[in-house]
Protein chains: 2
Amino acid sequence: MRTAVALAVRDGIESLTMRKLADELGAGAMSLYYYVPNKEELLDGMVDVVFSEIELPPTGVDWRTAMRRRAVSTREVLNRHRWAVGLMESRRSPGPASFRVHNAVLGCLREGGFSVEMTIQAYSVLDAYIYGFALQEKSVPFDSAEEGAAVAQEQVRQFTEEAQAQQSAALAEEFPYLAEVVAGHVAEVGYDFATAFEYGLDLILDALEARRVG
Amino acid sequence: MRTAVALAVRDGIESLTMRKLADELGAGAMSLYYYVPNKEELLDGMVDVVFSEIELPPTGVDWRTAMRRRAVSTREVLNRHRWAVGLMESRRSPGPASFRVHNAVLGCLREGGFSVEMTIQAYSVLDAYIYGFALQEKSVPFDSAEEGAAVAQEQVRQFTEEAQAQQSAALAEEFPYLAEVVAGHVAEVGYDFATAFEYGLDLILDALEARRVG
DNA sequence: GACAGTAGTCGTACGCTGTACGAGACCGCA
DNA sequence: TGCGGTCTCGTACAGCGTACGACTACTGTC
């Protein structure tokens, strides 16, 4: 299981095959099937490994900081295991680590003074945001803000090139707002995912706090 | 392209193969490669078809209702094309429909009085939420609230069965909060995705409005 | 009428995938 | 000595994306 996760991190999930995993373990491909009925369940297990790395919301602090910690931790883990985004939420049969996280989060909210209905809502909003953010982050091919600026410039250049090739209007004319943001801002000052994530997170946490009672 | 989307809707994306698509079109498999260099670009094209179904934020109304309309429309489209969730945000080269949507959304926010920085933030939060919500929704195997209640009950039953089988503590003891929510609430009153989505959406829109200036 | 070029189709084949099947190896216990 | 687990794995098969090259049908030019 751990070896499978390591391989997914190294080479990406799409190139993780039963044969490669077996090779890595110094075994024949079919030997794996003694421990796992099929590849789907292998993925289930890998996802649960990822869940087990998520820091549970700490007890003894107010719900807001506890949820913040857990959210930030989840983003970090999802970032470390980009292959897992998309598999996490869509897996059929959740494992024990998944149950543990879900239970702890719900408990944190309930103890924090949320009603059952509000707990469900808060949980839904937060997780949607966290996983959605990870989803965006996964696809973008840079890690630091400076790198981001470079990539943005490249992408703009590439697009304008295409646009000129097919005689259509230039990027800036057809999509002025996109140009403003991508060429004007991101290419200038860059984009920092961690900061952006926490800004949105705090925005949501504030809104939840305001709705906590009543 | 349209046929490919139709097939994905009907049979799921994972069983869409070049041969099946060709059959459906009454052609040989290799004929497809005259129009598309490889399957990746086929998927790119399909994703752009999905983008083209998203309603652009209407002009002439305030930014909040415009963004709300577009968000609800996006959820609907993503729900109609569950196969596309996970592909949408992670595609490398975006198509024209994608550019159009992005530009319109950014424009709506800029015209609505957001600074460039705030526009980027608002865009990030909203899209993360929308796609994250769709991601959750995709995996859950029911459509109506009543059906949801039934599924929840079944899942609880299945889990307690497992728990008993391995002599461990019962669900309610080990994961009390989870039990409260799943067995207690969802199994009773059900869960309506559309309502939950709009609740979270309004929560975020309110928070954005509060931060629009300043 | 003859020919070259282009657009479009597709049969065959190759390397890869997940995995069904069944043969074996090793073990403690009778 | 033999039996029944636990565990390993060689072989084989269907299905995947797609490289290659042969084929037809059409269009424009001399």
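Nothing in this text is a laboratory measurement; each read-out follows from the coordinates by a stated rule. Computed from a predicted structure; not experimentally measured. Please note: Cβ atoms are built from the backbone with ideal geometry, for glycine as well, and neighbour counts cover all protein chains shown.
Placing a label point 7 Å from Cα along the Cα-to-Cβ direction at residue B:9 gives distances to the equivalent points in the other copies of 4.2 nm, listed shortest first. Each Lys and Arg adds +1 at its Cβ and each Asp and Glu adds -1 at its Cβ; summed about the Cα centre, chain B shows a dipole of about 1020 debye.
Across the identical copies, the 7 Å label point of residue B:206, projected outward along Cα→Cβ, sits 1.4 nm from its counterparts, in ascending order.
Run the numbers on the stretch A:1-88 and let me know its relative contact order in percent, using alpha-carbon pairs under 8 Å that are six or more apart.
Details: 69 pairs, mean separation 26.5, N = 88.
Computed value for the stretch A:1-88: 30 percent relative contact order.
Computed over the stretch B:1-149, relative contact order equals 23 percent, with contacts defined as Cα pairs under 8 Å that lie 6+ residues apart. One residue of chain A places its C-beta nearer than any other to the axis carrying A onto B; that residue and its whole-Å distance are A:132, 1. Between copies, residue B:37 shows label-point distances of 4.2 nm, shortest first, with the point placed 7 angstrom from Cα along Cα to C-beta. Other residues within the sphere of radius under 11 Å centred on the Cβ of residue B:5, judged by their own Cβ, net out at +1 (K and R +1, D and E -1). For the stretch A:18-34 versus the stretch B:19-92, the spacing of their alpha-carbon centroids is 37 Å.
Using R₀ = 30 Å, calculate the FRET efficiency as 1/(1 + (r/R₀)^6) where r is the Cβ-Cβ separation of residue A:143 and residue B:27; round to 0.05.
Values: r = 43 Å, r/R0 = 1.44.
So, using R0 = 30 Å, E works out to roughly 0.10.
Counting only other residues whose beta carbon sits under 12 Å from that of residue B:106, what net charge do I get with K and R as +1, D and E as -1? Could you put the intermediate results ahead of the total?
Working: positive: B:70, B:100, B:110; negative: A:180, B:111, B:127.
Local net charge: 0.
Please compute the net charge surrounding residue A:76, taking Lys and Arg as +1 and Asp and Glu as -1 over other residues with Cβ under 10 Å from its Cβ. Write down the numbers at each step before the final one.
Numbers: positive: A:75, A:80; negative: A:53, A:55.
Taking every Cβ under 10 Å from that of residue A:76, the sum is 0.
Here the sum of -39500 (n - 2.57) over DSSP H runs of 4 or more residues, divided by the residues of the protein assembly as shown, equals -21000 deg cm²/dmol at 222 nm, to the nearest 500. Annotation note: chymotrypsin sites (Phe, Trp or Tyr not before Pro) in the stretch B:1-60 located in DSSP loop regions with a Cβ neighbour count of at most 14 within 10 Å are B:35.
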